[in-house]
Amino acid sequence: MDTTKITERGVEASDVRHTALLIIGSGAAGMCAAVAARRASERSGKSCSITLLERNARPGTKIRISGGGKCNVTHRGTPAELLEKGYLRPNEKRFLRPAFYSFANTDLLDLLRSRGVETEERADGKVFPLSGDASSVVVAFEELLRESSVRQLFSCRVRSVKRQGKQFLVTTAAGASFTADVVILATGGVSWSRTGTTGDGLAIARALGHSIKDSSAALAPLFTVKPPPAILSGVALRSVSLVASAGGRSVERRGDLLFTHRGFSGPAALSLSRDIGELATIFGSASLFVDLFPEQSAAELEEKFLFQARKSGAQMVRKYLQSCPIAPLRGAFALAVHGTLPTALLPFIMRQAALENDVTWSVLVREKRLSLLAVLKRFPLGSIREVPLDQGEVSAGGVSLAEVNPKTMQSRIVPKLFLCGELLDYAGEIGGFNLQAAFSTGWIAGTHAIDS
Ligand SMILES: Cc1cc2nc3c(=O)[nH]c(=O)nc-3n(C[C@H](O)[C@H](O)[C@H](O)COP(=O)(O)OP(=O)(O)OC[C@H]3O[C@@H](n4cnc5c(N)ncnc54)[C@H](O)[C@@H]3O)c2cc1C
């Protein structure tokens, strides 16, 4: 079996090597494409050389840091459910549908299991390797690549890809050249640039004639003009509703929210960051609010307050709020664990509502009660200063989906060029949807690259 793992130092600048299929980028999409290509070539009986070029010294750098080093590799559910839960936009859903059906989460888990990686499904649907170690996923793919006789070249940064007659001429930063019959671009997005994703693939795709949608942040923390008070840094709100408004438009997401020293993070902030970034770009900024009791209308909350006032007039309002669950135990969230308002936040709520810290129900007149209700339903968190692109778990934007065939991942502009993974103009939700999208699009790119 031809198992070559060499570094670019071993390639003379004057060497021009030929390979049938050349894949650029050894992340989830590129590695999966290489394995799928070998399987397709074996099925069709065509022997072909497959080469994988990676600028880092080893494969799968982003997989290794995914899910805090535990790698949330995919999500439970049918392909249709994944497309729905992944917060994908309508055109992204349409584009990813064939890939999610061709190489589903179950196919990915079977592939991993075949190399000894067992996985576990969490109550929220996220799937992780049982070992709790993201690198086990990379090790499994390394083994699959070895078995697939894929030549891997590391520390090899591709600079340009040009069409030269019926072939591609691929040149690296160190001056080495390759010719290839078919090229798969799998260079990822542009966030976490220190992992190797600096947008090289986007420049290459643009030079080949593709339109590129500007990159923007997704699954990123939110930085506010005035950072939250230091005392709140690290405080978490469970199952609240985060709202961002600008220019008469607003976007909203339910989930946990974390105060940080620069703004906000946690699932609700990360999940809404793409929409917030867009609002802030269009309108110059956006205002953030949190509905601290998202499952109760102001009228329902007021009813509870009036009941409490009748029952325990001498009780301090602050004490009651401290023990009042954020959401009542009913409806769709009945099984979820609900928190109460963090003690550290209460003085800020009282101040915002212009109430004394020790005010009791018996002296809370209607006007003050309404002021408190207004603050609880729309507590201001400040204005957005930045949604930092580089700190996003993914980046939105990339190669226009309209220019790529969703059934094959082949370019509609350049024959025999395939594109897959985060390089494409989609961005999914936290929960394993982005890795699944990279694996699925990589798989069909590799499969169809052999038939092209
Ligand atoms: C901190 C963090 C945590 C995350 N956690 C999760 C998670 O738990 N679950 C989930 O689903 N998603 C998660 N993601 C997102 C997920 O990791 C990515 O969406 C996914 O890895 C993208 O795969 P890809 O193959 O398209 O790109 P990448 O994995 O980024 O791979 C692209 C590869 O191309 C290489 N490359 C780039 N340019 C060149 C060049 N010029 N020449 C040669 N090689 C090049 C890069 O070095 C890189 O190795 C996380 C991301 C981050 C940053």
For the stretch 349-357, 3J(HN,Hα) per residue [Karplus equation, 6.51 cos²θ - 1.76 cosθ + 1.60, θ = phi - 60°, Hz, x = Gly/Pro]: 5, 4, 5, 4, 8, 6, 10, 5, 4
Only Lys, Arg, Asp and Glu count, each charged at its Cβ (+1, +1, -1, -1), so figure out the dipole size of the stretch 61-217 about its Cα centre, rounded to 20 debye. 700
Can you list residues whose amide H is under 5 Å from THR360's amide H, if they're 5+ apart or on another chain and H is modeled 1.01 Å from N? VAL317
What FRET efficiency, computed as 1/(1 + (r/R0)^6) with R0 = 41 Å and r the Cβ-Cβ distance, is obtained for GLN352 and ALA207, rounded to the nearest 0.05? 0.20
In deg cm²/dmol, rounded to the nearest 500, the helical mean residue ellipticity at 222 nm of the chain, built from -39500 (n - 2.57) for every DSSP H run of length 4 or more, is -10000 deg cm²/dmol
Once you place label points 7 Å from the Cα toward the Cβ at GLU81 and LEU232, how far apart are they in nm? 3.6
Computed E for GLN167/SER47 - FRET, C-beta separation, R0 22 angstrom, nearest 0.05: 0.75
So, by mean Cβ neighbours within 10 angstrom, what's the order for 356-366, 233-243 with the highest one leading? 233-243, 356-366
Could you give me the ³J(HN,Hα) list for the stretch 404-414, computed from phi with Karplus coefficients 6.51, -1.76, 1.60 and θ = phi - 60°, whole Hz, x at Gly and Pro? 10, 6, x, 7, 10, 6, 7, 4, 8, 9, 10
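All other residues with a Cβ under 10 Å from the Cβ of LEU424 taken together, and with Lys, Arg as +1 and Asp, Glu as -1, what is their net charge?
Once positives and negatives cancel, what remains is -3.
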Which whole-number percent is the relative contact order of the stretch 241-299 (Cα, under 8 Å, 6+ apart)? 41
By per-residue mean of other Cβ atoms within 10 Å, what is the highest-first order of 197-203, 441-447, 113-119, 345-351? 441-447, 197-203, 345-351, 113-119
Greater than 29 Å separation of Cα atoms is the criterion. Which listed pairs, LYS70/LYS162; LYS46/LYS85; LYS46/LYS162; LYS46/LYS93; LYS85/LYS407, meet it? LYS70/LYS162; LYS46/LYS85; LYS46/LYS93
DSSP-defined beta bridges in the chain - what % are antiparallel, rounded to 5: 70
With r defined as the distance between the Cβ atoms of SER383 and ALA123 and R0 fixed at 45 Å, what FRET efficiency is calculated, to the nearest 0.05? 0.80
So how much slack lies between ARG58 and TYR320, counting 0.36 nm per residue of separation and subtracting their Cα-Cα distance, in nm? 88.8 nm
Among ARG310, ARG369, rank each residue by its count of other Cβ atoms within 10 Å, from fewest to most, as a rough exposure measure. ARG310, ARG369
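The numbers here are math on the coordinates, done by the rules we state, and not lab data. Remember, predicted model here, so these are calculated numbers, not experimental data. Note: ideal-geometry Cβ built from the backbone for every residue, glycine included; neighbour counts use all protein chains shown.
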